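Peer 1: Got a structure for you, questions after.
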Amino acid sequence: MTASHRLPSCFSFMFKLLQASRQTNLRALLVIPFVCQILVVLGAVSYISYQSSQLAIQNLTKELQRELRFRITNHLEEYLSGGHQLNQMNANAIVFNPSLLEDLLSLGRYFVYQYHGNEEIKMMALALVNGNYVETVPLADGNFQLTVLDADNSNTLSVYLLNPRGDILRLLKREANSKFQPKSFPWYQHFLVTTQNQWNLTYKNPTTEEFVVSTSKKVFSPEGKLLGVITNQVSLIDLSLFLKDVKIGKNGTAFILDKKGFLVADSVSLKEGYLPQIMVSAREINNAHIRKITEYLLERNYLKVQLKKAIFFKWRLDSQPLLIDVIPFDNYQGIQWNIVLVIPETDFTYFIQRNLFLSVSISLIAVLIAITSGLITSKFIIQPIVRLKDASQRVSEGEFDHKIPLQGIEELDSLAQHFNHMTDMLESMFMSLNQTLQEISNLKYAIDQAAIVTITDREGKIVYCNEKLTEISGYSFSELIGQKTSLFKSGYHEASFYEEMWSTITKRKVWRGEIKNKAKDGRFYWVDTTIVPLTDEKGNINQYLSIQTEITKRKELEKNLEEMVEIRTRELARANEEIRLLNQRLCSENLQLAGKLKILHQMQQLILPKPQELKRIKPLDIAGYSEPADELGGDYFDVLQIENDPNITLGIGDVTGHGLESGILMVMTQAAICTLKHTGEKEPIRFLEILNRAIYYNIKRMNSEKNLSLVILNYCQGEVTIFGQHEEIIVVRKNGEIELIDTIDLGLPIGIDEYIGEYINFQKVTLNPGDGIVLYTDGITEARNQDKQQYGLERLCEIVRRNWHLDCEKIRDAIISDVKSFIGLRKIEDDLTLLLLKQR
């Protein structure tokens with residue numbers, strides 16, 4: 001029996017002996033194997049000495065090659081795997097917290113925290129499809145550089161210096177109208193046409209001037225809309241640092257090539273004191289050793305065709321025999337490299353000769369000290385392990401504050417440190433998990449209050465529903481669970497409607513639509529519905545999530561409005577015939593009407609508030625302006641205050657169209673508001689109801705189709721009550737900050753319907769000294785220049801912001817001057833009306 005057969009038998013016997021003993025403990029397991037190993041080594045020395053040196057070289061070479069393959073490929077896999085996980089974590093954070101997209105500065109600071117534990121990452125960035133961009137880069141001093149491009153704010157590029165906690169130390173740079181284009185980066189352009197998650201082509205980072213390889217991921221919103229591309233980068237110089245520290249025989253070298261023969265990393269350059277020539281063709285680099293080997297590999301097509309497995313061969317270079325191992329590396333995510341290990345054969349000959357002498361000498365000494373050292377070392381090893389066992393038990397019981405003290409043994413101290421760090425992480429994870437669960441609970445509560453939530457299986461059977469569904473449908477939970485959603489069918493929709501819906505969701509697409517359902521008591525109700533297919537990890541649909549909002553009142557209102565439109569259409573047809581017959585009469589009366597219009601225009605100007613009247617209003621600085629597009633306009637503004645009454649009433653309106661009817665309606669509106677003001681009516685809803693009915697009856701008497709948008713402001717001691725529907729109201733704070741108030745839900749146009757009380761609402765705004773309000777008609781915001789471009793609300797707000805430090809008259813003049821400069825020689829198409837007020 002040979003020694004190679006005796007070795008397993010010896011270890012097997014030792015193991016069975018330890019198993020048979022009931023008194024076996026850790027000390028015995030540590031000491032006895034030491035003694036047995038030394039004895040086995042002494043017995044095997046004679047056998048090893050008789051083996052041929054060539055066979056020993058081959059065995060040692062294979063063993064070393066196998067170890068080196070494992071170490072290098074394992075390092076590459078670990079080095080490249082973190083990027084995908086980090087992208088997924090960052091993408092999840094953005095999807096579950098969309099507010100990060102609104103505050104790019106906070107997102108950049110969040111990236112700083114992600115660098116902790118990911119030190120190999122050299123850059124993290126997010127490029128959004130709307131042009132916004134955020135990037136964090138670690139600096140050599142431990143701080144971070146944050147770059148933010150705000151495309152929504154004049155394409156402003158801001159660069160900050162952050163400390164390791166993500167706090168802003170100072171602003172390094174800010175550039176408006178920047179030419180910085182993140183969408184032109186190679187990783188962004190390359191990834192738009194590739195897969196969902198892939199390593200990009202190697203390129204030089206323009207910020208750090210390092211050759212990097214980046215991994216990117218597309219980020220989608222919960223609705224499936226592409227938000228942008230998130231990426232992180234690792235530097236190729238780190239691979240050369242790793243290869244430099246890898247022991248490859250005595251004089252061996254290692255380097256990495258891509259499929260084109262370009263050098264990715266090598267173990268020689270840094271040892272010799274210069275930086276590696278990364279991403280330069282290996283045929284052009286200075287190191288002749290690597291250059292000649294690469295040429296040999298390219299000539300035999302070992303690099304261009306991705307190898308299925310490693311190849312090993314001998315090759316003689318300059319009379320020196322070399323052992324070369326070419327190892328293919330493919331992470332199946334865009335990286336295809338080849339690891340080349342080169343070891344001189346003489347390294348192993350020297351090693352074997354030296355090892356034979358040392359093994360015999362050391363083995364004799366080891367027998368004498370094995371037992372002594374085993375007993376001593378076992379004492380120091382066992383005690384920390386016992387402490388680790390006790391600490392693990394306490395952690396499993398929830399005592400995270402228990403720490404293991406250090407013992408002075410490097411490996412055990414490292415284990416203790418990792419264990420202590422693990423307990424801290426577990427405690428942090430449990431706290432974070434509890435917080436996340438609370439946030440999810442709050443989110444679910446908010447959704448349940450506003451929407452009907454239903455989950456069904458693949459056949460449409462209900463497996464979950466919230467209380468909102470039972471409240472609206474009239475069915476109880478027990479009646480709904482297990483039932484198909486066809487239970488709610490009202491018979492209103494045709495079969496093709498449901499077929500199209502099922503066809504959409506079975507294709508893993510989101511379906512949206514409005515459905516008329518039937519409740520348990522026979523009542524019909526409408527719901528705005530969104531159905532989302534839920535899939536498993538393989539992409540197979542297992543459930544459907546339905547979120548519905550009741551819109552019954554809105555549908556009833558739409559139906560009423562359609563009936564009103566049909567009635568108005570018939571009335572307009574009759575009126576059109578009457579207008580045609582009256583047209584001839586109107587032509588003959590134009591001269592008389594022109595005179596009357598001139599008189600009415602003068603009346604309009606007379607009833608507008610005079611500058612001296614506005615100056616008598618002490619609490620407010622007020623300025624107004626009105627210029628009709630024709631002789632007779634349809635715009636209205638007024639400021640009313642009764643003596644000894646602290647309430648000030650302001651109004652602005654826009655009558656549809658121009659001409660006589662619009663002018664008369666404007667005068668009637670002014671008279672009605674003035675009457676209501678003097679009667680002491682202050683309640684907003686009643687104020688607009690009375691005004692609307694008065695105007696409505698007069699419009700009917702005039703047989704007119706006119707109406708007007710109107711907003712009323714009641715001011716009293718710094719508080720403004722706003723009611724009525726008109727253009728958006730601009731609220732300006734003392735520092736120039738702009739707030740917009742949408743009046744769409746505060747009323748309906750005056751004169752369009754007799755009863756509008758249920759549609760009237762009001763909103764209150766508090767003004768401090770220096771705060772104010774700007775009212776305007778659409779003649780200003782919709783004014784067009786020679787290129788038919790609109791003036792717009794944004795430009796109006798900017799003029800107001802820049803001039804708000806002036807008094808109201810100067811602000812008014814600045815606005816009108818800017819509007820007319822914008823219009824140029826083009827004719828004014830609509831009335832220009834403006835009313836400004838500022839708290840003194």
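Peer 1: Out of (1) open to solvent by 10 Å² or more (accessible area, probe 1.4 Å); (2) under 13 Å from ILE285 (Cβ atoms), the odd one out for LYS259 is which?
Peer 2: Here LYS259 meets the rest and fails (2).
Peer 1: Let me ask you something else. Within the set of pairs 6+ apart or on separate chains, which have a first residue in the stretch 717-728 that is small (Gly, Ala, Ser), a second that is outside any strand (DSSP E or B) and open to solvent by less than 30 Å² (accessible area, probe 1.4 Å), and C-beta atoms under 8 Å apart?
Peer 2: So the pair list comes out as GLY718/LEU767; GLY724/LEU688; GLY724/THR743; GLY724/LEU746; GLY724/GLY747; GLY724/ILE760.
Peer 1: From the list GLN584, GLN612, GLN602, which one is assigned to a helix (DSSP H, G or I), exposed (fewer than 11 other Cβ atoms within 10 Å of the Cβ) and at pLDDT 80 or above?
Peer 2: On the way: GLN584 fails: at pLDDT 80 or above; GLN602 fails: at pLDDT 80 or above.
Of GLN584, GLN612, GLN602, the one residue that is assigned to a helix (DSSP H, G or I), exposed (fewer than 11 other Cβ atoms within 10 Å of the Cβ) and at pLDDT 80 or above is GLN612.
Peer 1: Tell me, yes or no, whether the stretch 821-830 has at least one residue that is open to solvent by 60 Å² or more (accessible area, probe 1.4 Å) and modelled with pLDDT of 90 or more.
Peer 2: There is at least one residue in the stretch 821-830 that is open to solvent by 60 Å² or more (accessible area, probe 1.4 Å) and modelled with pLDDT of 90 or more.
Peer 1: I need the full set of residues from the stretch 641-684 which are within 52 Å of the chain's Cα centre (by Cα), of a type in the set (Val, Ile, Thr) and open to solvent by 50 Å² or more (accessible area, probe 1.4 Å), in order please.
Peer 2: The answer is THR656, and nothing else.
The rows are residues; the columns are (1) farther than 30 Å from VAL565 by Cα; (2) at pLDDT 90 or above; (3) not aromatic (Phe, Trp, Tyr).
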site	(1), (2), (3)
THR743	no, yes, yes
ASN768	yes, yes, yes
TYR791	yes, yes, no
CYS797	yes, yes, yes
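Peer 1: Checking ARG512 against (1) of a type in the set (Lys, Arg); (2) open to solvent by less than 70 Å² (accessible area, probe 1.4 Å); (3) within 27 Å of the chain's Cα centre (by Cα), which test does it fail?
Peer 2: Among (1) of a type in the set (Lys, Arg); (2) open to solvent by less than 70 Å² (accessible area, probe 1.4 Å); (3) within 27 Å of the chain's Cα centre (by Cα), the lone unmet condition for ARG512 is (2).
Peer 1: A follow-up question, please. Select, from THR436, THR470, THR454, the only residue that is part of a helix (DSSP H, G or I) and open to solvent by less than 50 Å² (accessible area, probe 1.4 Å). I'd like the intermediate steps shown before the answer.
Peer 2: Details: THR436 fails: open to solvent by less than 50 Å² (accessible area, probe 1.4 Å); THR454 fails: part of a helix (DSSP H, G or I).
Of THR436, THR470, THR454, the one residue that is part of a helix (DSSP H, G or I) and open to solvent by less than 50 Å² (accessible area, probe 1.4 Å) is THR470.
Peer 1: If you don't mind, another one. For the stretch 305-346, give me each residue that is modelled with pLDDT under 70 and surrounded by 12 or more Cβ atoms within 10 Å (Cβ to Cβ).
Peer 2: Residues satisfying the conditions are GLN306, LEU307, ASN331, GLN333, GLY334.
Peer 1: Restricting to strands (runs of 3 or more DSSP E) lying wholly in the stretch 89-199: which have 3 or more residues that are without any contact (Cβ under 8 Å) to a residue 60 or more places away in the chain?
Peer 2: Values: elements: 121-128, 133-138, 144-150, 156-162, 168-175, 197-199.
Correct list: 133-138, 144-150, 156-162, 168-175.
Peer 1: Given the criterion open to solvent by less than 80 Å² (accessible area, probe 1.4 Å) and either more than 19 Å from GLU459 (Cα to Cα) or of a type in the set (D, E, K, R) (or both), identify the matching residue among TYR492, TYR475. Steps first, please.
Peer 2: Values: TYR492 fails: open to solvent by less than 80 Å² (accessible area, probe 1.4 Å).
None of the other options fit; the residue is TYR475.
Peer 1: Among the residues that make up the stretch 760-780, is at least one of them among the acidic types (Asp, Glu), in a loop (DSSP other than H, G, I, E, B) and within 30 Å of ASN692 (Cα to Cα)? Don't jump to the end; show me each part of the working.
Peer 2: Applying the first criterion (among the acidic types (Asp, Glu)) to the stretch 760-780 yields 771, 778.
Then keep just the ones that are in a loop (DSSP other than H, G, I, E, B); that gives 771.
When the remaining residues are screened for being within 30 Å of ASN692 (Cα to Cα), the result is none.
Looking through the stretch 760-780, none of the residues is among the acidic types (Asp, Glu), in a loop (DSSP other than H, G, I, E, B) and within 30 Å of ASN692 (Cα to Cα).
Peer 1: Does the stretch 520-527 contain at least one residue that is assigned to a loop (DSSP other than H, G, I, E, B), open to solvent by 30 Å² or more (accessible area, probe 1.4 Å) and under 30 Å from ILE756 (Cβ atoms)?
Peer 2: Yes: the stretch 520-527 contains one or more residues that are assigned to a loop (DSSP other than H, G, I, E, B), open to solvent by 30 Å² or more (accessible area, probe 1.4 Å) and under 30 Å from ILE756 (Cβ atoms).
Conditions tested, residue by residue: (1) within 30 Å of TYR696 (Cα to Cα); (2) surrounded by fewer than 17 Cβ atoms within 10 Å (Cβ to Cβ).
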| residue | (1), (2) |
| --- | --- |
| TYR755 | yes, yes |
| HIS805 | no, yes |
| ILE811 | no, no |
| LEU834 | yes, no |
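Peer 1: Another question about this same structure. Can you tell me which residue within the stretch 544-580, out of those that are closer than 22 Å to GLU758 by Cβ and in contact with a strand residue (DSSP E or B) (Cβ under 7 Å, 6 or more places away or on another chain), is most open to solvent (accessible area, probe 1.4 Å)?
Peer 2: The extreme case among them is GLU550.
Peer 1: With respect to ARG801, determine if the residue is of a type in the set (Lys, Arg), open to solvent by less than 70 Å² (accessible area, probe 1.4 Å) and closer than 20 Å to VAL720 by Cβ.
Peer 2: Values: of a type in the set (Lys, Arg): yes; open to solvent by less than 70 Å² (accessible area, probe 1.4 Å): no; closer than 20 Å to VAL720 by Cβ: yes.
Against the criterion (of a type in the set (Lys, Arg), open to solvent by less than 70 Å² (accessible area, probe 1.4 Å) and closer than 20 Å to VAL720 by Cβ), ARG801 does not qualify.
Peer 1: Additional query: Is it the case, given these coordinates, that ARG568 is touching a residue at least 24 places away in the same chain (Cβ under 8 Å), within 28 Å of THR504 (Cβ to Cβ) and assigned to a helix (DSSP H, G or I)? First the steps, then the outcome.
Peer 2: On the way: touching a residue at least 24 places away in the same chain (Cβ under 8 Å): yes; within 28 Å of THR504 (Cβ to Cβ): no; assigned to a helix (DSSP H, G or I): yes.
Taking the combined requirement at face value, the residue does not satisfy it.
Peer 1: Here's another thing I want to ask about it. For the stretch 238-247, check the following and say yes or no: at least one residue is surrounded by fewer than 19 Cβ atoms within 10 Å (Cβ to Cβ) and more than 17 Å from GLU120 (Cα to Cα). Talk me through it step by step, then tell me what you get.
Peer 2: The initial filter retains those residues of the stretch 238-247 that are surrounded by fewer than 19 Cβ atoms within 10 Å (Cβ to Cβ), namely 238, 241-242, 244-247.
Next, only the ones that are more than 17 Å from GLU120 (Cα to Cα) stay: 246-247.
Scanning the stretch 238-247, I find at least one residue that is surrounded by fewer than 19 Cβ atoms within 10 Å (Cβ to Cβ) and more than 17 Å from GLU120 (Cα to Cα), so the answer is yes.
Peer 1: Could you check ARG554 against (1) part of a helix (DSSP H, G or I); (2) closer than 20 Å to ILE447 by Cα; (3) of a type outside the set (Val, Ile, Thr) and say which number it fails?
Peer 2: Only one criterion in (1) part of a helix (DSSP H, G or I); (2) closer than 20 Å to ILE447 by Cα; (3) of a type outside the set (Val, Ile, Thr) is unmet by ARG554, namely (2).
The values are calculated or read from the model by the stated rules, or taken from the named source; none is laboratory data. Computed from a predicted model, the values in this text were never measured in an experiment. Cβ sites come from the backbone with ideal geometry, for glycine too, and all protein chains shown count toward neighbours. Each accessible area value is taken on the protein alone, full model and side chains, heavy atoms only, with ligands, DNA and RNA left out. Shrake-Rupley method; radii C 1.70, N 1.55, O 1.52, S 1.80 Å.
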